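Each remark here refers to the structure printed beneath this line.
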Amino acid sequence: MTNPLFDSVFSLPTHYFQKENYPMKKILYTMIRVGDLQRSIDFYTNVMGMKLLSTFDQPKDKFTLAFMGFGEESDTSTLELTYNYGVSDYELGNGYGHVAIEVEDCVATCAAIKKRGGTITLEPQRLDGLNEIIAFVADLDGYRIELVQTSVS
């Protein structure tokens, strides 16, 4: 079965997606649903070193958002933690991949995360053919976070 919208978008010529034809500026945030908002805020601040940038509570619609990041929302992409009232756990599904965070020193960052109680699911390793070292962390809801050290000597 074909999907007309999918077919029309993916049959567009490559030049359509160049900046002048498709003027997107930056990724604003990645949203993940969490079962315990305070526990997740604590993890991302105390273990991952992020700051709580802002919160938005919408009692009428029964959800609360918390935006986490390493800088100001106007300057960088953020992580949106979404808590839906009364929902304490989610199935991750098989479509979610991971959030990637650039780090200066992957080995030192992993050591700090372990010291703060975080779980490293893939120890730092160099990628074949690339000048990068990566590692993976799992947050308390099971979401995977890739740490990427892009400048390797």
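The values are calculated or read from the model by the stated rules, or taken from the named source; none is laboratory data. These numbers come from a predicted model, not from an experiment. Quick reminder, even Gly has a Cβ in these numbers, built from the backbone with ideal geometry, and neighbours come from all protein chains shown.
Yes/no matrix, rows are residues, columns are (1) without any contact (Cβ under 8 Å) to a residue 12 or more places away in the chain; (2) of a type in the set (Ser, Thr, Tyr); (3) surrounded by 15 or more Cβ atoms within 10 Å (Cβ to Cβ); (4) not assigned by TED's automatic domain parsing to the domain that holds ASP36:
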| position | (1), (2), (3), (4) |
| --- | --- |
| SER77 | no, yes, yes, no |
| GLY86 | no, no, no, no |
| GLU132 | no, no, yes, yes |
| ALA135 | no, no, yes, yes |
| THR150 | no, yes, no, yes |
Problem set entry | Lone qualifier among ILE120, ILE113, ILE101 - being touching a strand residue (DSSP E or B) at 6+ places or on another chain (Cβ under 8 Å), free of Cβ contacts under 8 Å to residues at least 40 places away in the same chain and not charged (D, E, K, R) | ILE120
Problem set entry | Filter result for ASP105 (within 13 Å of ARG33 (Cβ to Cβ) and of a type in the set (Asp, Glu)) | no
Exercise. Which of the residues belonging to segment 106-121 are closer than 17 Å to THR150 by Cβ and of a type in the set (A, V, I, L, M, F, W, C)?
Worked result: CYS106, VAL107, ALA108, CYS110
Exercise. Quick one: would you say VAL103 is touching a helix residue (DSSP H, G or I) at 6+ places or on another chain (Cβ under 8 Å), modelled with pLDDT under 95 and surrounded by 13 or more Cβ atoms within 10 Å (Cβ to Cβ)?
Worked result: yes
